[in-house]
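Notes follow once the structure below has been shown.
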Amino acid sequence: MIRVFVYGTLLVGESNHHVVAPYVLSVRPGRVRGALFDAGAYPGLVLSGCGGETDIEGEWLVVTQVGLNRMDELEEYYGPGARNDYERVWVRDSRREECEGWIYVWNEPRGYPRIAGGSWREYARRKQELGSML
């Protein structure tokens, strides 16, 4: 069993959860410290170094090895030292230190706008509502 923190499209009910759903053994809410950025259809997370880190809302998924492999494919993670879109690093929950696992992160914001509030789900909902008003 492998624990992974997700904060964007892999959340239960979001657009890419189907990629990992067959391999999920359990789901638990969680938070990590960092900053979220809007890359359009998905977020990126930077753990530190960009100032103003906040609690990022997400879920701890316990997955099988096949589930982790599927997530690696989606996140374009090819292993340490490779040209990855995201890096996979070890992190602890910001409120429950006993809860730790993998997370996919960026090393820098890449020029994308910052998402205030720490919740991709809430941000995406507001973004969709605004888009439907145009």
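Just so it is clear, none of the values below were taken in a lab; they were calculated from the coordinates. All of these numbers come straight from a predicted model, not from anything done at the bench. Methodologically, a virtual Cβ is constructed for each residue, glycine included, from the backbone with ideal geometry; neighbour enumeration extends over all protein chains shown.
Odds and ends about this structure:
- Of Pro109, Pro80, Pro43, the residue with the greatest mean-square motion in the GNM of the chain, using alpha carbon springs below 10 Å, is Pro80.
- In terms of surrounding Cβ atoms within a 10 Å radius of their Cβ, Arg31, Arg92 rank from fewest to most as Arg92, Arg31.
- Electrostatic tally near Val19: other residues with Cβ closer than 11 Å to its Cβ, Lys and Arg +1, Asp and Glu -1, net -3.
- Cα-projected label distance for Arg114 with Thr64, points at 7 Å along beta-carbon direction, nm: 4.1
- Selection of trypsin sites (Lys or Arg not before Pro), the range 42-89, meeting DSSP coil and at most 10 other Cβ within 10 Å: Arg83
- Here the translational diffusion coefficient of the chain follows from Stokes-Einstein with Rh set to the Kirkwood radius across Cα pairs; for 37 °C and 0.692 mPa s it amounts to 218 µm²/s.
- Sites counted here are GluC sites (Glu not before Pro) in a DSSP loop (not H, G, I, E or B) having no more than 12 other Cβ atoms within 10 Å; the longest part of the chain that contains none of them is 1-75.
- Fewest neighbouring Cβ atoms within 10 Å first, the residues Leu68, Leu10 line up as Leu68, Leu10.
- Gain on full extension, evaluated as 0.36 nm per residue between Ile2 and Glu100 minus their Cα-Cα distance, stands at 34.3 nm.
- Residues with amide H under 5 Å from that of Ile115, placed H, sequence gap 5 or more: Leu36, Phe37, Asp38
- Only helical runs count toward this figure. For the chain, summing -39,500 (n - 2.57) over DSSP H runs of n ≥ 4 and dividing by all residues gives -6000 deg cm²/dmol at 222 nm.
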